[in-house]
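Trainee: Have a look at this one before I ask anything.
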């Protein structure tokens, strides 16, 4: 007997994750074919990453000058370095004017951990995404840690940063260890999306958001 599956309009605003749920498909069975990073950009990102570890106060202009002075024959402009900084989620440390325009306010939430005594497992989970340079190319690591036990309750590696990717990892952690009372994140695009906030509200999980300190960034080689 052949099972009939619901048809989903390709022009629908439903996320891929929700469409897979309606069709009864495994989300991991679908793969997004990302545009490959050129060898030049990949090498430049590696150089940026190495120099940033030595001089995290380098802004886009100084990093551009540094790359142009290297004996590799690269001649890059500020626009390329700015774009690669964004891809790698790098920001120069130090005081700077507030030039960033806030995103959609209805999807941002206050920081809830200031006065919370985290005294038991599954009380608070913290989540974050970090950039991992590889021998060829780069990947992104998404990790979930229980702030009381310091146990990693979930992690995933991907070559793209999507909200669905983060939600799949969170859902897997909840199925294995149960849901937390609070999930704390930064105010990145994945965590200030409607899909993310709706998912946590549906699970009755409190949403906490705060800016991560760039000085706490960890790199894996």
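Trainee: Give the span of the range 14-95's Cα atoms along each principal axis, as three whole-Å numbers ordered largest to smallest.
Mentor: Sorted largest first, the three principal extents are 54, 32, 20 Å.
Trainee: Oh, and also: Only counting other Cβ atoms within 10 Å, I'd like 112, 23 sorted with the fewest neighbours first.
Mentor: Numbers: 112 17, 23 12.
If I rank by nearby Cβ atoms, fewest first, I get 23, 112.
Trainee: Continuing with the same structure: With label points built 7 Å along Cα→Cβ from the Cα atoms of residue 187 and residue 66, find their separation and express it in nm.
Mentor: Using points 7 Å along Cα→Cβ, the separation is 2.7 nm.
Trainee: Between residue 46 and residue 171, what is the label-point separation in nm under the 7 Å Cα-to-beta-carbon projection?
Mentor: 3.6 nm
Trainee: Can you give me the relative contact order of the range 14-95 as a percent, contacts being Cα pairs under 8 Å and 6 or more apart?
Mentor: On the way: 41 pairs, mean separation 20.9, N = 82.
This gives 26 percent for the range 14-95.
Trainee: Same structure again: Rule-of-thumb check for the range 105-211: C-alpha Rg over 2.2 N^0.38 Å? Walk me through the numbers before you get to the answer.
Mentor: Details: Rg = 13.6 Å, N = 107, 2.2 N^0.38 = 13.0 Å.
After normalising by residue count via 2.2 N^0.38 Å, the value is 1.05.
Trainee: Sorting 65, 164 on the 10 Å Cβ count, fewest up front, what's the list? All intermediate terms of the calculation are to be shown ahead of the outcome.
Mentor: Details: 65 13, 164 21.
Placing the least packed residue first, the sequence is 65, 164.
Trainee: Among 155, 125, what is the fewest-to-most ranking by other Cβ atoms within 10 Å? All intermediate terms of the calculation are to be shown ahead of the outcome.
Mentor: On the way: 155 14, 125 26.
In increasing order of surrounding Cβ atoms, one gets 155, 125.
Trainee: Once you put a point 7 Å from the Cα of residue 132 and another 7 Å from the Cα of residue 78, both along the Cβ direction, what distance in nm separates them?
Mentor: Placing both labels 7 Å beyond Cα along the Cβ direction yields 3.5 nm.
Trainee: Would you kindly state how much longer the chain becomes between residue 87 and residue 13 on full extension, computed as 0.36 nm times their sequence separation minus their alpha carbon distance, in nm to one decimal? Kindly include the intermediate steps, with their values, before the conclusion.
Mentor: On the way: separation 74, 0.36 × 74 = 26.64 nm, distance 2.54 nm.
Gain on extension, residue 87 to residue 13, equals 24.1 nm.
Read the figures in this text as sums done on the coordinates, not as results from a lab. A quick note: this is a predicted structure, and the numbers were derived from the prediction, not measured. A quick note on method: Cβ atoms are made from the backbone with ideal geometry, for glycine too, and the neighbour counts reach across all protein chains shown.
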